[in-house]
Amino acid sequence: MRQRHRAEVSSPLTQNSDLSDSEQTEKSHNSDYSFSPRKVFAFCLAFRVVNALLVQTYFNPDEHWQALEVAHRIAFGYGHLTWEWKKGIRSYSHPLLFALLYKVLAFLGLDIPWFMIKAPRLFQSLFSAVGDLYLYKLSVLLFGNRVAKWALFSQLTNWFMFFCTTRTLSNSMETVLTLVSLYYWPCLQSSPKKLTSMSRKFGLAIAALACAIRPTSAIIWLYIGLLELFLTQERLKFIFLDVAPIGVLVLGLTWVFDRLMYGSWILVPHNFLKFNFLSSGGDYYGTHKWHWYFSQGFIVMLFSFLPFSIAGIMQSKQWKLSGLIAWVLGLYSLLGHKEFRFVLPVLPIALMFSGYSLAAISIRNSPNGKRKESSSVSGKWPPKLRLPVLFLLATNIPMALYMNLIHQRGSEDVMNHLSKEVLYGKVKSILFLMPCHATPYYSTLHRDIPMRFLDCSPSEDKGVIDESDRFMMDPVGFASEYAKNWSIPSHIVLFESEEKLLKDFLETHSYREEKRFFHAHFKVDRDLQASVAMYALTGQ
């Protein structure tokens, strides 16, 4: 079994024991220009800090509503809890990190608009850099320094990682924990004996923490756990001395912590899996065809790295890790509700394979058939490598900048503006006449004033249309009916598509346009929401 494992990962870039003298010299020279983990982390941290500052757009409501909004409520005593927190299907483990950050900002007197907006993503950049570091370390362990460098290049230049990894989504943290944990699992490595006895235990603890933060992470660790169980010679020890005590300890501590936060005993993983898997509750928010991840979702995430990732999988013959990608995409395909971020944890693995194929291109063949050091060492890339690198940069950098700086930025800009206006007493209350959770909320505004958005909580009665959908079906009728019993807000925020229909309503109720923010050039899931308009009550 061990021999079969070693043969499986053997490849031109990973063979060690059977190298010729010239290849041994090359390997030694490779190690001379390898980077220390400290330098890699410092570089990645600086890169991710810049990355975080460039993120100025709105991607997914969970970034704010399931993390920062909850953290703000913990830290400052006010903030909206969505229906998920009332049903007990979310753990407080993830929001607590940002609650501590908010407490530090408040203690230092830095809970002002700029820091409240930027600090959470800057904080997340620290964890993202750890994920980058461990992708590099895992690549070194499996394939060597050359592949590790190109894997890191792929990770840092991929548009979707740049778009998503510094956002405060639980999926971003899950991805980091996944990369850290994978590094410590013996079953994935060609020389498991090099690992200490504590290595697997540490990997298990990190995996359990990932499951505590996001229960669907169990999909990944079921695969890894079964693989380890199959390959290890100490199966009973693995089950009873590693998995059982560590799993019970980590998840038990999380259970106790959630008990303190919820005020009652809530088994979050059970409630989460029951809603999303057993009852298909996620389908309420939309469904896709079963093949969406394979035909669209994961392909869009990989983008121009796709052919390089496929080539790397075939060349490396690292079937266990490539099997993990297929396993995750396959199981998530069984769910009706699909999102890009659900499969984010396996994107770095696919990018590592891209790094493998790029490293293979960097090795030139001499006339006598012996491998030679890439001319990139002397500062010049061979033409075969230069073209792919320029292609990847030319396709991913514009995409990353557009998605982070331009597409759907109105939702962020309007709340950033309101957070400054409220300091001067210009904003008394806000009504959001737009689809639910379309903007950040108290975590950005950071003032306890009345705000109202349209609810979209799932109804236990089938066929009942939620408030948000009723508004989208008939904006004028809904607004007119709502205004009969409202407490008149000082400001109304809405998308341009609904604003056109509500012009007369707004004028009748003495509202005038105060500011407009660009939002998007093309529609995403509804009509084109080109801009976000902010209306103020006249005479204030």
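Quick notes
- Simple point charges give the picture: +1 on the Cβ of Lys and Arg, -1 on the Cβ of Asp and Glu, and for region 98-257 a dipole about the Cα centre of about 300 debye.
- Surrounding net charge for residue 531, when Lys and Arg each add one and Asp and Glu each subtract one, Cβ distance under 15 Å: -1
- Within the shell of other residues whose beta carbon sits under 12 angstrom from the beta carbon of residue 449, the net charge comes to +2, with Lys and Arg scored +1 and Asp and Glu -1.
- Translational D in µm²/s for region 50-198 (Stokes-Einstein at 20 °C, 1.002 mPa s, Kirkwood Rh from C-alpha pairs): 126
- The calculated 222 nm mean residue ellipticity attributable to helices in the chain amounts to -17000 deg cm²/dmol, summing -39500 (n - 2.57) over DSSP H runs of n ≥ 4 and dividing by all residues.
- Inter-label distance, nm, simple model (7 Å from Cα along the C-beta direction), residue 500/residue 35: 4.8
- Point-to-point label distance, residue 262-residue 303, nm (Cα→Cβ direction, 7 Å offset): 3.9
- Rounded to the nearest 20, the size of the Cβ-charge dipole of region 222-275 about its Cα centre is 140 debye, with Lys and Arg at +1 and Asp and Glu at -1.
- Close amide H partners of residue 514, meaning residues 5 or more places away or on another chain with modelled amide H under 5 Å apart, are 534, 535, 536.
- Partnerless Cys - the chain, beta-carbon criterion under 4.7 Å: 44, 164, 187, 211
- Rounded to the nearest 10 Å², the accessible area of residue 338 at probe 1.4 Å: 10
- Amide H contacts of residue 408 (H built 1.01 Å from N, in plane; Pro and chain starts excluded): 520, 521 sit under 5 Å, all sequence-distant by 5 or more or on other chains.
- Cα lying deepest toward the dipole's positive end in the chain, options 358, 305, 424, charges on Cβ: 358
- Backbone geometry of region 343-353 corresponds, through the Karplus equation with coefficients 6.51, -1.76 and 1.60 at θ = phi - 60°, to 3J(HN,Hα) couplings of 9, 4, x, 9, 5, x, 5, 4, 6, 5, 5 Hz, x marking Gly and Pro.
- Computed from backbone phi with θ = phi - 60° and the Karplus coefficients 6.51, -1.76 and 1.60, the 3J(HN,Hα) list for region 495-511 is 7, 4, 4, 8, 4, 4, 7, 9, 3, 5, 4, 5, 5, 4, 9, 6, 9 Hz; x is used for glycine and proline.
- Note on the chain: dipole from Cβ charges, positive end direction compared against 184, 479, 260; the farthest Cα belongs to 184.
- Magnitude of the charge dipole for the chain, about its Cα centre and with charges confined to Cβ atoms of Lys, Arg (+1) and Asp, Glu (-1), is about 2020 debye.
- Too-long pairs where the Cα-Cα distance tops 18 Å, listed order kept, from 87/274; 39/149; 201/317: 201/317
- Projecting label points 7 angstrom from Cα along Cα→Cβ for residue 447 and residue 50 puts them 3.6 nm apart.
The values are calculated or read from the model by the stated rules, or taken from the named source; none is laboratory data. None of the values given here were measured: they were computed from a predicted structure. Glycine also receives a Cβ, built like all others from the backbone with ideal geometry; neighbour counts cover every protein chain displayed. Areas reflect the complete protein model, heavy atoms only, side chains present, ligands, DNA and RNA absent. Shrake-Rupley method; radii C 1.70, N 1.55, O 1.52, S 1.80 Å.
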